[in-house]
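Please treat every number below as a calculation from the coordinates, not as lab data. Not measured: the values here are computed from a predicted model. Cβ: placed from backbone, ideal geometry, glycine included. Neighbour counts: every protein chain shown.
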Amino acid sequence: MFLLLVATLLRFWRLGEPPKQFFDEIYYARTAQEYLTGRPIYEWTHPPLSKLLVAGSVRLFGFTPWGWRFASALAGVLGVAALYALGCAVLRDPRKGLTVAALGSWDGLLLVESRIAKPEIFLLLFCTAASAAWWTGLRTRRPGWYLAAGLCAGAAVATKWTGLTSVGVLLVASLLAWRRGDLAVPGVNFAALLLLPAIPYTASYLPHLLRGETLGDLVRLHENMYRYHSSLVATHPYASRWWSWPLLLRPMWYHYEAHSGIMTGIFAVGNPAVWWAILPAVGFVAWRMARGSHPADPFILAGFLLSYLPYAFIGRLLFIYHMLPALPFAYLAIAEALDGVERRMGREWRRAYLLLVALVFAFQLPILVAYPMPARWLRWWIWMPTWV
């Protein structure tokens, strides 16, 4: 509960700063207001669910920075809770679940994405919730959780098409569990994953129908969406290649201003103590899986690879935040690697690592939340030449 309280405070603290739209908020906050006012939709390149959720918070709090960021902040808090549930369900240990939640709570990129009106934090929440629900169903043998998993996976797809990876990951996990004989009521499970995602996806387009659009209009919209993403040739100074993301070679400055020697900045950067541990931890899980002693390992490895490696085959503009759906599996891998270290070297090593993660996060905090700092201090946060 303490970790969730801290995560809540950090996601809502100074949520109105900067007091204007920044980065992709110029698209998503505007589109949220257009859903409410009935004007033509400006941002149509992704499914509407995240924009509708932002519109809901704008309806509650007005078209203000707090209003268009509230839904993201709430999703960020729920995402930490979902990470805890996922860790407990997959690793069968509340202590490991707390480790997974702590890694997400103290990851700078997740905090930044929780404080901006754009789709990524919603995608992370729904993907994580889908996996947590599926594993809860597997552990408790209650098929209702499979239905929840299918609906959450559909919400992920209704946020961004890349949410389809959550369906793929759970189908792979279902096939593996079925082969082991662990899958209760497999018919319900597979039907939930193959059919139920269509419900939230279809429902997310109901506002379009209520605005007078026809089914033919929606078909053309989807054709245009596919065309846009398959043919995008734009450039951006903070674009980065998929292989560079775990190395943190090219994070993004979402916002930077300096006046009279004082700066405010929002740096979309992962916690180096977490991100630089991802590939070694995934390698550990792969090595251990080859020995066949841990049934959760295939899920962790398949989830990470299916959420991450497809970007190797995507030629369009990519950014570091595209790695977010792979992060829950990375946190699971790190938690398992820490368990291996603890067994060999003692519990104090886990504590030391988590303390390091917390200290690095605290050090980065001013440039995650646009806290005013002397501009000359910026050099202390630039750890690589590629970070500017």
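Per residue, the chain reaches -19500 deg cm²/dmol at 222 nm when only DSSP H runs of four or more residues are counted, each adding -39500 (n - 2.57).
How much length is gained on full extension from Val219 to Tyr238, taking 0.36 nm per residue of separation minus their Cα-Cα distance? This chain segment gains 3.6 nm when fully extended.
When the P(r) is computed for region 140-253, the part past 23 Å accounts for 51% of the Cα-Cα pairs. Residues considered: Glu25, Glu223, Glu342. Largest GNM mean-square fluctuation over the chain, using C-alpha springs under 10 Å, is found at Glu223. Largest GNM mean-square fluctuation among Ile278, Ile334, Ile26, using the chain with Cα springs under 10 Å: Ile26. If you take the charge dipole of the chain about its Cα centre, with +1 on Lys and Arg Cβ and -1 on Asp and Glu Cβ, which of Ala117, Phe61, Met1 is farthest toward its positive end? About the Cα centre, the residue reaching furthest to the positive side is Met1. For region 339-388 and region 59-101, what is the separation of their C-alpha centers, rounded to whole Å? Region 339-388 and region 59-101 have Cα centres separated by 21 Å. Taking a straight Cα-Cα cut-off under 29 Å and skipping sequence neighbours fewer than 8 places away in the same chain, the lysines within cross-link reach of Lys118 are Lys20, Lys51, Lys160.
Can you tell which of Trp134, Trp287, Trp245 shows the greatest fluctuation in a Gaussian network model of the chain with Cα springs below 10 Å? Result for the chain, Cα springs under 10 Å: Trp287 fluctuates most.
Using +1 on the beta carbon of Lys and Arg, -1 on that of Asp and Glu, and nothing else charged, what's the dipole of region 159-234 about the Cα centre, debye to 20? Charge dipole of region 159-234: 160 debye, to the nearest 20. Could you state, as a whole-number percent, how many of the C-alpha pairs of region 1-126 are farther apart than 20 Å? Considering region 1-126, 43 percent of its Cα-Cα pairs are separated by more than 20 Å.
Computed over region 277-388, the P(r) tail beyond 21 angstrom holds 54 percent of alpha carbon pairs. Using a simple spin-label model with pseudo-atoms 7 Å out from Cα toward Cβ, Arg92 and Leu359 lie 3.6 nm apart. Using a Förster distance of 41 angstrom, determine the FRET efficiency expected from the C-beta separation of Val341 and Leu317, and round it to 0.05. For Val341 and Leu317, the calculated efficiency is 0.60.
Rg/Rh for the chain (Cα atoms only, Rh after Kirkwood) is 0.96.
Put simply, the convex hull of the Cα atoms in region 62-213 casts, on average, a shadow of 10.0 nm².
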